[in-house]
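Asks: Next up is a structure, given as structure tokens.
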Amino acid sequence: MTAENATAADVLVIFGITGDLARKMTFRSLYRLERRKLLDCPIVGVAFDDWSADQLREHARAAIEATGEPVDDDVFARFAARLSMVSGDFADAATYAKVATAIKGRTNPVFYLEIPPSLFGRVVDGLAGAGLTENARVVVEKPFGHDLSSAKALNDQLSAHLQEWQIYRIDHFLGKEPAMDIRYIRFSNSIIEPIWNRDRIESVQITMAENFGVADRGHFYDPVGALRDVVQNHLLQLIGLIAAEPSSGGPDGFRDKRVELFKSIRTADPKHYVRGQYAGYLDVDGVAADSQTETFVALKLYIDNWRWAGVPFFIRAGKSLPVRDTEIRIIFKRPPALPFLPKTGEQNEFIFRIDPNPGVDFVLQAKESGADASRAVNLCLTFSDEMAEAPEPYERLLGDAMHGDAGQFIREDGVEETWRIVQPLIEAPPPVEVYEQGSWGPSGANALVAGFPNWREPWLPTQK
Ligand code: BG6
């Protein structure tokens, strides 16, 4: 078996079904799959909590309603009928024997591990001990290690019993519809490809701004920080989508191209790395009193290949910034000054808006009415105005995992390459600079883009 010929699951087993991620994301995503008639197997929850199937069903309904998702009774009844529960300690072989009994006769299980990575090894050992891994797929959540060597060690635990085609590593950014749209925009429009290179593009800016702080996640966040939390995974994956070459078909065709691109990204240089911490972060519950953890990062990366050599990719990401916005901005080179156009206008820009208000913008220069001058105008497409409602990231990814489509999941070589890229930043971090909440982070972020276009204000709906 390979990633290319995996077949549909005949049972979904969720470890950690009573936890936070299931409550906030999983039930809703599965319910939405049920509504779209894309769910066609039983679902077995496994947790330490001694819940009955009815308790699980009640909890599921409350969790779905709490997300604001309207619940249709018939759809929920179909969904609830799939749910059953196995309770037990993940360290106890008897738990896996109970799972084996619960899924007896099923030959294509998907095990979804919604549990801390420190438990992955134990659970996979338990499943293997009960003879359940042979034909299974195992879906796991980040973080995949906290640096290159721990990522390899974690993978050793998984690969002790599983082959690579069986492991589905989730990065929910790859399940975002506007992120998936990047390769459609790039490769299904013949006008785009000829301009998508170092001849035409001056720089690329990726912004992931969040207008809220760490809130109640201090215990999780403080040992992690912004670089590991969103850059090594989500934002590098976005670069994979913007910059990789077109692929052949099949999940591995697509993944090969992303990994090939990651291999061309030059290992990051701490000289081009800025770290910030918002004022007040040290008061967050779970944060060390003298924490040096960054809540903001800005960095510059280069891709050493024929298409991108010399084009800087700037990334900035942070908490407690002025707005919530994730966007990728491709900034094109200036046109030359011509006699009838003595002043060259602003540069063309192509913007992929990932969140909120997904869509694309194309900034063009046009004649200013009544004046002999040019000014920027914006061609703005908002996907929700033009297309049907998009699936949620987890809805898409869980559906793909159950149907055996690994294309939007991360392969181990991709995990290792992305850690390799950021490893020097982890080993030699510059000091954190404190920034005011609601600002755009430390001033060093502006110095980072010197010689290239300044950071742009994100393109938000109110600016339309
Ligand atoms: C998570 C990070 O992976 O992604 C969070 O741990 C971050 O810190 C979140 O807020 C952002 O995801 P989204 O989909 O809300 O942009």
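The values are calculated or read from the model by the stated rules, or taken from the named source; none is laboratory data. In this text, all values refer to a predicted model and were calculated from it rather than measured experimentally. Counting neighbours? That spans all protein chains shown, and the Cβs are built from the backbone with ideal geometry, glycine included. When the accessible area is computed, the model is the full protein with side chains, heavy atoms only, and any ligands, DNA or RNA have been set aside. Shrake-Rupley method; radii C 1.70, N 1.55, O 1.52, S 1.80 Å.
Asks: Out of residues 5 or more away from SER374 or on other chains, whose amide H comes under 5 Å of its own, with H placed 1.01 Å from N in the peptide plane?
Replies: GLU368
Asks: Rank ALA268, PRO109, GLN166 by how far each Cα sits towards the positive end of the charge dipole of the chain (+1 on Lys, Arg Cβ; -1 on Asp, Glu Cβ) and give me just the farthest.
Replies: Among ALA268, PRO109, GLN166, the one farthest towards the positive end of the dipole of the chain is ALA268.
Asks: Using a/c under 1.5 as the rounded threshold, could you call the chain rounded, prolate or oblate? The axes a ≥ b ≥ c are square roots of the C-alpha gyration tensor eigenvalues, and prolate needs a/b larger than b/c, oblate otherwise.
Replies: Prolate.
Asks: Is segment 153-303 rounded, prolate or oblate when judged by the Cα gyration tensor, a ≥ b ≥ c being the square roots of its eigenvalues, rounded requiring a/c under 1.5 and prolate requiring a/b larger than b/c?
Replies: Since a/c reaches 1.5 but b/c is at least a/b, the shape of segment 153-303 is classed as oblate.
Asks: Where only protein heavy atoms count, and the probe is 1.4 Å, what is the accessible area per residue for the chain in Å²?
Replies: On the way: 19750 Å² over 464 residues.
Here the residues of the chain average 43 Å² of exposed surface.
Asks: Taking the Cα centre of segment 176-303 as the origin, how large is its charge dipole in debye, to the nearest 20, when only Lys and Arg (+1) and Asp and Glu (-1) carry charge on their Cβ atoms?
Replies: Working: 15 positive and 18 negative charges, 115 e Å.
So the magnitude is around 540 debye.
Asks: Rank these residues by their accessible area, most exposed first, probe 1.4 Å: CYS380, CYS41.
Replies: Result of the area sort, largest leading: CYS380, CYS41.
Asks: In the structure shown, do any of LYS263/LYS300; LYS176/LYS333; LYS24/LYS98; LYS104/LYS142; LYS24/LYS142; LYS142/LYS319 have a Cα-Cα gap over 23 Å, and if so which?
Replies: Values: LYS263/LYS300 16 Å; LYS176/LYS333 29 Å; LYS24/LYS98 27 Å; LYS104/LYS142 30 Å; LYS24/LYS142 16 Å; LYS142/LYS319 19 Å.
Check vs 23 Å cut-off fails for LYS176/LYS333; LYS24/LYS98; LYS104/LYS142.
Asks: While we're on this one: In nm, to one decimal, how far is the modelled label at SER118 from the one at ASP413, with both set 7 Å along Cα→Cβ?
Replies: 3.3
Asks: Starting from the Cα of ARG307, step 7 Å along the direction of its Cβ; do the same at TYR184; then give the gap between the two resulting points in nm.
Replies: 1.9
Asks: Just to verify a number: what accessible area does HIS59 come out at with the full protein assembly present, 1.4 Å probe, Å² rounded to tens?
Replies: 40
Asks: Return the Cα extents of segment 289-343 along principal axes one, two and three, sorted largest first, each rounded to a whole Å.
Replies: Principal-axis extents of segment 289-343 (Cα, largest first): 61, 31, 19 Å.
Asks: Take the solvent-accessible surface of the protein heavy atoms, probe 1.4 Å, and return the percent of it on the chain that carbon and sulfur atoms account for.
Replies: 53
Asks: Kindly provide the GluC sites (Glu not before Pro) of segment 409-448 that DSSP labels as loop, not H, G, I, E or B, and whose Cβ sees at most 14 other Cβ atoms within 10 Å.
Replies: Taking segment 409-448 and a limit of 14 other Cβ atoms within 10 Å, the loop GluC sites (Glu not before Pro) found are GLU436.
Asks: Could you report the accessible area of LYS257 in Å², rounded to 10, computed with a 1.4 Å probe on the protein chains as they sit in the structure?
Replies: 50
Asks: Put +1 on the Cβ of every Lys and Arg and -1 on every Asp and Glu Cβ in segment 1-94; which of LEU83, THR18, LEU30 then has its Cα farthest towards the positive end of the dipole?
Replies: The Cα lying farthest towards the positive end belongs to LEU30.
Asks: For segment 292-313 and segment 392-464, write down the distance between their C-alpha centroids in whole Å.
Replies: Between the Cα centre of segment 292-313 and that of segment 392-464, the gap is 10 Å.
Asks: Hey, what's the Kirkwood Rh for segment 310-369 if you take every pair of different alpha carbons, in angstrom?
Replies: Evaluated over segment 310-369, this radius sits at 14.1 Å.
Asks: If you don't mind, another one. To the nearest 20 debye, what is the magnitude of the charge dipole of the chain about its Cα centre, counting +1 on the Cβ of each Lys and Arg and -1 on the Cβ of each Asp and Glu? The partial results should precede the final answer.
Replies: Details: 50 positive and 66 negative charges, 228 e Å.
It comes to approximately 1100 debye.
Asks: For segment 311-464, just say rounded, prolate or oblate: build the C-alpha gyration tensor, square-root its eigenvalues into a ≥ b ≥ c, call rounded for a/c under 1.5, and beyond that prolate if a/b exceeds b/c, oblate if not. Present the calculation step by step, with values, prior to reporting the outcome.
Replies: Numbers: a/c = 1.98, a/b = 1.32, b/c = 1.50.
Note, shape of segment 311-464 comes out oblate.
Asks: So who's got an amide H within less than 5 Å of the one on GLU114, skipping anything under 5 residues away but keeping other chains? H placed 1.01 Å off N, in plane.
Replies: Those lying under 5 Å, H to H, from GLU114 are PHE15.
Asks: Roughly how big is segment 36-92's charge dipole about its Cα centre, with Cβ charges of +1 (Lys, Arg) and -1 (Asp, Glu), in debye to the nearest 20?
Replies: That gives a dipole near 320 debye.
Asks: Tell me which residues come under 5 Å, amide H to amide H, from LEU83 once H is placed; ignore anything under 5 positions away on its chain.
Replies: For LEU83, whose amide H was placed from the backbone, the distant partners under 5 Å are ILE43.
Asks: Tell me, what is the FRET efficiency for ASP20 and ARG456 to the nearest 0.05, using R0 = 45 angstrom and their Cβ-Cβ distance as r?
Replies: Efficiency, rounded to the nearest 0.05: 0.80.
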